[in-house]
Amino acid sequence: MDIRKLVRKNILELTPYSSARKEFKGKARIFMDANESPFDTGYNRYPDPLQLSLKQKISDWRNFPSDQIFLGNGSDEAIDLLIRIFCEPGQDEIFLLPPTYGMYKVCANISGVAVKNIPLNTDFQPDVETILDRSNSTSKLLFLCSPNNPTANTFEASKITQLLSGFPGMVIIDEAYIDFADQESWLTKIQEFPNLVVLQTFSKAWGLAGLRLGMAFAQQPMIELLNNVKPPYNVNQLTQEKALEALENKKRLHLYIKGARNQREILRKELEAYPFVQKIYPSDTNFLLVKVTDADSLYHFLRSQSIIVRNRSTLPGCEGCLRITVGTPKENEILLATLNHYQQA
Ligand SMILES: *Cc1c(COP(=O)(O)O)cnc(C)c1O
């Protein structure tokens, strides 16, 4: 499979923006090329456009080749770039499996790209047969969010493999929540599938949503395309520095993950005891999808108590459901104490 055959013509023909800093690889005596201020504020220079030191650290951490990593202003940037690289507006389409993360559709809409929705089955698993039946040469991207937001489950590996082999376009596996799951990442399969892109982020398990740093992992031709279309300095200096610092302390990451997973199961047990809780779905993430007798009323009650959860009850397949992010032990206690009052209301 040659993924360049899937790429829009204008992108294949693009002459990417080239900064003098990108063309010159050595150690310069004086930089007089970019109209920066010469006065040292700590941030007077443009950041490394390819974030090479940071990628090296991520490469060591994930045990994955550095030149097969793309970094973006959140994984949301990678989602947007993927659509712009592959989908001709008004002609091509992306495949989504609702209920799922909302940004895929928004990015497609902004780009004027059609969305084909193939709902997850009642077990919240991909309907492989229908996806493959309904795909053709205009089907450029298939977004698999696994573990999925908001259903909290991981997709079966055999189904994903069938899709990777059978889907005519690129398959994007969004692993924003992979660190909370028992299942393995698809990173190890990238060398097998030229059409596979794995997305991960610093926003969830790392606790660094404010930095805006997302990762895309793929074979090199895909990474080159992303680098050609991205804004030259898409990851700012402060973000690169803070992420490097975070990667020095992976123990902290493991503590966050362990804490979130423990609290998730404590919260599940406690929530199950309330009469208005009908079902709590299994979770491979840092949130619980909770089916209640009256989602709107519970949502508004919690909001009146200044506790904000996500009302997902209008999504097909999520009728009656709230999505509750696992908080600190203290926050979870406050949620439960507040729910005691709802019970009495
Ligand atoms: C939170 C989340 C992201 C993270 O996006 P960033 O732009 O990296 O913050 C990506 N995908 C899914 C499914 C998410 O839930």
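If R₀ is 41 angstrom, what is the calculated FRET efficiency for the pair SER137 and SER53, using the beta carbon separation as r and rounding to 0.05? After rounding to 0.05, the efficiency reads 0.50.
Across segment 184-266, the mean sequence separation of Cα contacts (distance under 8 Å, 6 or more residues apart), normalised by length, yields a relative contact order of 24 percent. Compared with the dominant Cα axis of the chain, that is its longest principal axis, helix 237-247 is turned about 60°. Which entries of LYS5/LYS105; LYS140/LYS250; LYS5/LYS55; LYS204/LYS279 show an alpha-carbon separation above 31 angstrom in the structure shown? In this structure, LYS140/LYS250 lie more than 31 Å apart at Cα.
With a Förster radius of 25 Å applied to the beta-carbon distance between VAL229 and LYS25, the computed FRET efficiency rounds to 0.70. Summarising the amide proton neighbourhood of LYS140: residues at separation of 5 or more, or on other chains, whose placed amide H is nearer than 5 Å comprise GLU93.
Left without a cysteine partner by the 4.7 Å Cβ rule in the chain: CYS87, CYS107, CYS145. Between segment 254-270 and segment 13-31, the alpha-carbon centres lie 47 Å apart.
Every number here is computed from the coordinates shown, using simple stated rules; none is lab data. A quick note: this is a predicted structure, and the numbers were derived from the prediction, not measured. As a convention, Cβ positions derive from the backbone with ideal geometry for all residues, glycine included, and neighbour counts pool all protein chains shown.
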